[in-house]
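Let me begin by presenting the structure, written as structure tokens, before commenting on it.
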Amino acid sequence: MKRRWEVTALLSWGFSALTAAVFLGMLALFAVESLPVWRQAGLGFLTGTSWFFRARQFGVLPMVYGTAAVSAVALLGAAPLGIGAAIFTAEMLPRRWRLAAKTAVELLAGVPSVVYGLLGVLLLRDAVLRLLARWEPLSGDTLLTGGLLLAVMVLPTIMSLADDALTGVPAPQRLAARSLGLTRAESIFKVALPQALPGLASAVLLGLGRALGETIAVFLVIGRQDNQWPEHLLSLRPLAGAGQTLTSKLGGSETFLAFGDRLHWAAITGVALVLYGGIALVSLIGARLSPLGGRRA
Amino acid sequence: MLDALRIPEARPRSSAAPVLAVRGLSVTAGGRRQVLRDIDLDIAPGSVLCIIGPSGAGKTTLLRCLNRLVDLVPDLTVSGDVRFHGAPIYARGVDVDALRARIGMIFQQPAVFPGSIADNVLFGVRHTGRLPRRALPERLERALREAALWSEVAHRLDERAASLSVGQQQRLCLARALAGEPEVLLLDEPTSALDPQSTEAIEELILRLRERHAVVLVTHNLGQAERLADSVACLTVRSDGAGELEPR
Amino acid sequence: MRRWTDRAVWLACALCAAVVAALLAGIAGALLWRGLPVLGLGFLIHPSSEAGAAGGVRDEIAGTLLLIATALAVAVPLATGIALVQAEYLRNPRARRRLLVALYTANALPSILFGIAGMIVFSRFFGWGKSWLAGGVLLGLMILPTLSVALIERLRSLPPRYREAAAALGLSRAQTIWSVLLPQSLGGLLSGALLGLARAAGETAPILFAAAVFSGAGFPAGFRDSPVAALPYHIFVLAQDSFDPAVQAHLWGAACVLVGLVLGLSLLALPTRLRAHEEAWHA
């Protein structure tokens with residue numbers, strides 16, 4: 001006799017509901033825990049440019065700027081490089097070499113962020129200090145350092161996904177273009193690339209998501225200087241100075257410090273809330289663009 | 001197989017000057033497996049040459065040797081001589097892209113590019129031809145007329161090419177190849193993916209195309225060969241898997 | 001002219017690929033050159049001492065292994081349930097797609113958020129202080145999307161004849177799942193698990209607040225107030241104060257061990273994933 005509800009089905013739906021509850025609960029948790037700071041500062045929390053916790057002043061804009069700045073540097077470096085390299089592996093490399101390259105790149109993507117952070121601290125920091133000597137930075141811990149490190153971290157992700165997108169364009173398309181007398185470069189840019197565009201866009205967006213959320217590596221090389229709000233938003237000068245991102249704030253000792261204080265803790269969880277919302281938004285936009293078939297996140 | 005068809009076989013003839021002449025063409029895969037052995041062919045202007053034979057005999061490979069599309073397949077080595085208007089195409093320094101622009105190719109599955117019907121037809125010409133802008137619309141119409149597609153699409157040239165039926169897409173690919181005014185047309189089983197009506201339409205088309213181009217048609221359909229061919233080359237598979245011309 | 005453009009494009013793309021290759025070689029090279037001298041059996045079996053300037057990483061390795069084992073135990077049942085819902089139980093294709101999008105979004109969440117949430121839930125609500133179990137659960141939740149997606153892809157790629165044959169024999173849904181579908185999908189689950197474990201082994205942020213300590217962690221007894229040492233946390237703390245050359249040497253060694261562990265787990269997943277790549281390319 002068959003039971004009306006199979007145990008397997010019950011368990012599966014139950015586990016799924018549990019997981020959904022956990023992830024949504026996390027969002028709700030941050031929202032609830034951060035209520036005091038919303039009550040105190042309202043939207044000023046999002047638009048304020050100073051963060052002095054002892055004076056009970058909380059504004060996240062400089063951190064948003066820091067996050068945006070390092071992510072912009074990261075993408076400006078990693079997107080062209082990653083897509084160019086992907087064109088090479090997808091269109092110009094013989095098949096066996098391509099698989100080897102893909103494996104190597106995916107292994108690179110698996111290197112833990114703390115190791116990248118270590119490399120940043122021990123190698124990149126001094127290099128940037130020498131590079132920026134003209135602008136007399138206080139140390140090698142700058143927004144630029146963070147951006148460069150992120151570029152290296154995000155590069156394998158973008159390259160691997162861009163390669164997937166390009167190989168997804170069926171071979172007969174390229175063959176037909178070549179048979180008309182188009183050169184290899186022309187067939188890539190006029191036939192393959194346009195059709196791979198959604199996948200390429202989603203590759204870059206995924207890279208962006210990873211850059212936005214990276215904590216540990218950025219924490220170690222960014223200087224963790226609050227209130228770095230630039231006078232001119234598009235100037236490059238602030239990149240030569242230390243800064244703070246949403247993630248580096250959360251990963252620091254201030255989080256421990258804030259744990260006992262209601263308002264301070266609300267501010268910290270407010271930062272977490274902003275981070276959660278921002279990443280979810282970028283991710284949802286990316287999902288719209290990607291066909292989501294055979295994609296490994 | 002050839003006995004069943006009442007068509008002269010395509011052995012080298014000394015009379016007509018062939019557009020494409022093949023002598024001793026052999027293709028090996030991975031250095032070991034022989035795909036084609038010692039093929040001799042002449043392709044005369046204004047005629048249809050049908051290449052027939054069982055699956056795996058190397059018909060597609062042979063076709064792709066004629067416009068050097070075989071270069072794009074890894075691991076294949078080509079030896080022998082193929083001459084286009086008397087000039088060898090496998091010599092050093094040959095401009096392969098220019099060669100391919102003068103030889104048109106149609107594949108089994110129509111490979112329609114994203115974009116409008118007009119974009120597709122003019123795709124090759126825009127890159128390879130030195131046509132001034134104003135000459136493009138005339139070339140577009142001429143190609144579509146020659147491919148017997150003009151009356152069906154003249155009023156919607158800006159629509160997406162993907163909205164055409166499969167039979168129309170195949171004729172679109174034909175128009176795209178014709179836009180470059182090629183001297184030779186290579187057709188690789190162009191009707192095997194089509195329904196009977198579209199097949200009939202394309203077969204009629206091929207008979208008309210013969211007037212202005214040399215046509216090489218690969219088909220596994222003997223009836224089609226009988227209907228269309230001026231001459232026939234039959235590939236058979238030897239014991240080692242290599243394709244050879246069936247001697248008379 | 002077109003010939004030159006073609007060559008230039010090739011050159012530009014080859015250059016990009018060369019940069020990537022150089023980065024890979026550079027990172028591998030730096031790790032091996034600086035870290036290998038420190039590595040040795042002693043490094044692996046001795047506890048760390050002198051605040052990281054000497055000794056090995058024994059406790060950290062043990063702690064990391066404990067954490068990822070726990071993460072696996074948490075993630076596998078949950079991921080299986082989610083995958084079954086997405087691939088088998090949900091009828092509506094839009095709901096299926098929404099679930100997949102949700103999984104990808106969850107996968108993109110920064111791991112630090114798990115750390116903060118863990119601090120609230122485990123340290124405050126449950127009153128566990130710092131606990132290895134909390135760390136394991138948080139890591140398990142973090143890698144849950146990776147496992148789910150891997151299993152879903154495998155389940156969806158199974159040819160319909162398996163389900164049809166089972167149904168024709170009169171098997172119930174549950175029987176089909178346990179006797180036919182899951183056994184056939186084991187490869188996908190395995191490779192997803194290995195990749196998830198590789199990621200979990202290297203993560204610092206989730207265990208930062210609720211699970212890890214730098215020193216003083218013996219073998220945990222129970223789960224309240226029983227923190228662990230962990231390789232990534234160890235490196236993280238030491239990296240912030242890294243001017244002592246002895247500490248630096250120790251850091252390179254620890255990084256080598258961590259990368260070795262992560263690489264080893266990823267490489268184990270390789271054969272299954274390469275086969276999937278091949279199948280996709282030929283399809």
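Structure summary
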item: Pair list, Cβ < 7 Å and 6+ apart or interchain, from the range A:198-223 residues that are at the interface with another protein chain (Cβ under 10 Å from one of its Cβ atoms) to residues that are of a type in the set (D, E, K, R) and not in a helix (DSSP H, G or I); result: A:VAL221/A:ASP141
item: So A:GLU91, is it in contact with a Cys (Cβ under 9 Å, 6 or more places away or on another chain) and touching a residue at least 12 places away in the same chain (Cβ under 8 Å); result: yes
item: Matching entry among B:LEU72, B:LEU63 (being at pLDDT below 90 and surrounded by fewer than 22 Cβ atoms within 10 Å (Cβ to Cβ)); result: B:LEU72
item: Every residue from the range C:151-210 that is of a type in the set (Asp, Glu), in contact with a helix residue (DSSP H, G or I) (Cβ under 9 Å, 6 or more places away or on another chain) and more than 30 Å from C:LEU238 (Cβ to Cβ); result: C:GLU153
item: Residues within the range C:17-60 that are small (Gly, Ala, Ser), at pLDDT below 90 and surrounded by fewer than 18 Cβ atoms within 10 Å (Cβ to Cβ), tallied; result: 7
item: Pairs, first at the interface with another protein chain (Cβ under 8 Å from one of its Cβ atoms) in the range B:88-114, second in a loop (DSSP other than H, G, I, E, B) and among the hydroxyl-bearing types (Ser, Thr, Tyr), C-beta under 6 Å, six or more apart; result: B:ASP97/A:THR183
item: Enumeration of residues in the range A:53-62 that are out of contact with any helix residue (DSSP H, G or I) (no Cβ under 8 Å at 6 or more places or on another chain) and modelled with pLDDT under 90; result: A:ARG54, A:ALA55, A:GLN57
item: Any helices (runs of 4 or more DSSP H) falling wholly within the range C:171-283 and containing at least 3 residues that are of a type in the set (A, V, I, L, M, F, W, C), on the phi < 0 side of the Ramachandran plot and surrounded by fewer than 20 Cβ atoms within 10 Å (Cβ to Cβ); result: C:182-202, C:245-282
item: Single unsatisfied condition, A:LEU123 versus (1) aliphatic (A, V, I, L, M); (2) within 8 Å of chain C (Cβ to nearest Cβ); (3) more than 20 Å from C:ASP241 (Cβ to Cβ); result: (3)
item: Pairs with Cβ under 6 Å, 6+ apart, first in the range C:111-126 and at the interface with chain A (Cβ under 8 Å from one of its Cβ atoms), second among the acidic types (Asp, Glu); result: C:SER111/C:GLU203
item: Residues of the range C:92-110 classified as outside any helix (DSSP H, G or I) and within 10 Å of another protein chain (Cβ to nearest Cβ), total; result: 2
item: C:GLN175 within 30 Å of C:LEU84 (Cβ to Cβ) and either at the interface with chain A (Cβ under 7 Å from one of its Cβ atoms) or not β-branched (Val, Ile, Thr) (or both); result: yes
item: Scope the range A:240-276; condition of a type in the set (Gly, Ala, Ser) and out of contact with any helix residue (DSSP H, G or I) (no Cβ under 8 Å at 6 or more places or on another chain); matching residues; result: A:SER253, A:GLY260
item: Number of the exception - A:PHE256 against (1) within 11 Å of chain C (Cβ to nearest Cβ); (2) without any contact (Cβ under 8 Å) to a residue 24 or more places away in the chain; (3) over 27 Å from A:GLY120 (Cα atoms); result: (3)
item: Condition met for A:ALA151 (surrounded by fewer than 24 Cβ atoms within 10 Å (Cβ to Cβ) and within 11 Å of chain C (Cβ to nearest Cβ)); result: no
item: Identity of the residue in the range B:178-232, among the small types (Gly, Ala, Ser), over 15 Å from the mean Cα position of the chain (by Cα) and in a helix (DSSP H, G or I), that ends up surrounded by the fewest Cβ atoms within 10 Å (Cβ to Cβ); result: B:GLY223
item: Selection status of A:PRO80, in contact (Cβ under 8 Å) with a residue 60 or more places away in the chain and either in a helix (DSSP H, G or I) or within 14 Å of chain C (Cβ to nearest Cβ) (or both); result: no
item: Residue in the range B:226-248 that is out of contact with any Phe, Trp or Tyr (no Cβ under 6 Å at 6 or more places or on another chain) and closer than 20 Å to B:GLN109 by Cα present; result: no
item: Residue list for the range C:148-172, restricted to those being more than 22 Å from C:ARG97 (Cα to Cα) and within 12 Å of chain A (Cβ to nearest Cβ); result: C:GLY170, C:LEU171, C:SER172
item: Selection within the range A:84-102 - part of a helix (DSSP H, G or I) and surrounded by fewer than 17 Cβ atoms within 10 Å (Cβ to Cβ); result: A:ARG95, A:ARG96, A:TRP97, A:LEU99, A:ALA100
item: C:LEU78 vs. criteria within 10 Å of another protein chain (Cβ to nearest Cβ) and either of a type in the set (Lys, Arg) or surrounded by 14 or more Cβ atoms within 10 Å (Cβ to Cβ) (or both); result: yes
item: Scan of the range C:238-269 for residues that are more than 7 Å from chain A (Cβ to nearest Cβ) and under 22 Å from the mean Cα position of the chain (by Cα), ordered by number; result: C:TRP252, C:GLY253, C:ALA254, C:CYS256, C:VAL257, C:GLY260, C:LEU261, C:GLY264, C:LEU265, C:LEU267, C:LEU268, C:ALA269
item: Set B:ALA44, B:ALA101: member being over 13 Å from the mean Cα position of the chain (by Cα), surrounded by 18 or more Cβ atoms within 10 Å (Cβ to Cβ) and more than 28 Å from B:ASP195 (Cβ to Cβ); result: B:ALA44
item: Candidate set: the range C:16-29, residues that are closer than 16 Å to A:MET153 by Cα and among the small types (Gly, Ala, Ser); chosen: the one nearest to the other protein chains (Cβ to nearest Cβ); result: C:ALA17
item: Single residue of A:LEU35, A:LEU43 found to be at pLDDT below 90 and more than 9 Å from every other protein chain (Cβ to nearest Cβ); result: A:LEU43
item: Qualifying residues in the range A:126-148 (those that are within 13 Å of another protein chain (Cβ to nearest Cβ) and touching a strand residue (DSSP E or B) at 6+ places or on another chain (Cβ under 8 Å)) - the one surrounded by the fewest Cβ atoms within 10 Å (Cβ to Cβ); result: A:SER139
item: Members of the range C:200-217 that are within 11 Å of chain A (Cβ to nearest Cβ) and either among the charged types (D, E, K, R) or more than 16 Å from C:LEU258 (Cα to Cα) (or both); result: C:GLU203, C:PRO206, C:LEU208, C:PHE209
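The values are calculated or read from the model by the stated rules, or taken from the named source; none is laboratory data. As the structure is a computational prediction, the values presented were derived from the model and not from experiment. For neighbour counting, all protein chains shown are included, and Cβ atoms are generated from backbone atoms with ideal geometry for every residue, glycine included.
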